[in-house]
Amino acid sequence: MTRTVLTLLCLVAAAGCRAVPYEPQKATRRYPSELDQGSVAQVQVIPGPHSIRLVNATATSYGTFDLWLNQRYMSKVDALPSGRTVEVPLDTFWDVRGEGPFQGGWFRYYQPTPIVLVQAQMDDKSPLIGFVCTLPEVVRER
């Protein structure tokens, strides 16, 4: 009896603790590896614990595009006007399996996903546009 109750409690605890952000209904398409990166725009990407900030210091405005993190996670961005900053929450990025990047914070299971490669995909055929990633403030202060 005790063994059955203990086993049941372990199963319930394991099922209730999900370390990986996983929502299969939010799965996106795969990364377009057949497209090359054609250029790098001077758009700075500043990662934070729960979002990334895109700082467009160029004279170019970008309409709706897909933003790719680390050639895995994708989120739709409505617009990135020239001279403006746009905040994109990390919980809007998903991969082909419906998994999301690990965020920062006190109650996390893993280290936050390092954001090392950020690219914009304007359409299905155009080359990708690279953005410039910066270190998070916490790392720069060390």
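Could you please tell me which pairs satisfy a Cβ distance under 8 Å, a separation of 6+ or placement on different chains, a first residue in the range 98-118 that is farther than 21 Å from Arg29 by Cα and at pLDDT below 85, and a second residue that is in a loop (DSSP other than H, G, I, E, B) and of a type in the set (S, T, N, Q)?
Within 8 Å, the pairs are Gln103/Thr113; Pro112/Gln103.
Pairs under 9 Å by beta carbon, first residue assigned to a strand (DSSP E or B) in the range 36-50, partner charged (D, E, K, R) and surrounded by 12 or more Cβ atoms within 10 Å (Cβ to Cβ), six or more apart or different chains?
Gln44/Arg53; Val45/Arg53; Ile46/Arg53; Pro47/Arg53
Going through the range 51-68 one residue at a time, which ones are surrounded by 17 or more Cβ atoms within 10 Å (Cβ to Cβ) and either outside any strand (DSSP E or B) or of a type in the set (Val, Ile, Thr) (or both)?
Across the range 51-68, the qualifying residues are Ile52, Val55.
Can you tell me which residues in the range 23-50 are small (Gly, Ala, Ser), crowded, with 16+ Cβ neighbours inside 10 Å and at pLDDT below 95?
Gly48 - this is the single residue of the range 23-50 that is small (Gly, Ala, Ser), crowded, with 16+ Cβ neighbours inside 10 Å and at pLDDT below 95.
If Asn70 meets every condition in (1) in contact with a helix residue (DSSP H, G or I) (Cβ under 9 Å, 6 or more places away or on another chain); (2) among the polar types (S, T, N, Q); (3) on the phi > 0 side of the Ramachandran plot apart from one, which number is that one?
Asn70 satisfies every listed condition except (1).
Inspect all residues belonging to the range 9-17 and state whether any of them is at pLDDT 80 or above, in a loop (DSSP other than H, G, I, E, B) and in contact with a Phe, Trp or Tyr (Cβ under 9 Å, 6 or more places away or on another chain).
No, the range 9-17 contains no residue that is at pLDDT 80 or above, in a loop (DSSP other than H, G, I, E, B) and in contact with a Phe, Trp or Tyr (Cβ under 9 Å, 6 or more places away or on another chain).
Please specify each residue of the range 118-130 satisfying the condition of being in a loop (DSSP other than H, G, I, E, B) and out of contact with any Leu (no Cβ under 7 Å at 6 or more places or on another chain).
Listed by number, the residues that qualify are Met122, Asp123, Asp124, Lys125, Ser126.
Tell me whether the range 87-97 contains one or more residues that are at pLDDT 95 or above, closer than 19 Å to Phe65 by Cα, in a strand (DSSP E or B) and among the charged types (D, E, K, R).
yes
The values are calculated or read from the model by the stated rules, or taken from the named source; none is laboratory data. Values in this document were obtained by computation on a predicted structure and should not be read as measured data. Every residue, glycine among them, receives a Cβ derived from its backbone with ideal geometry; neighbour counts consider all protein chains shown.
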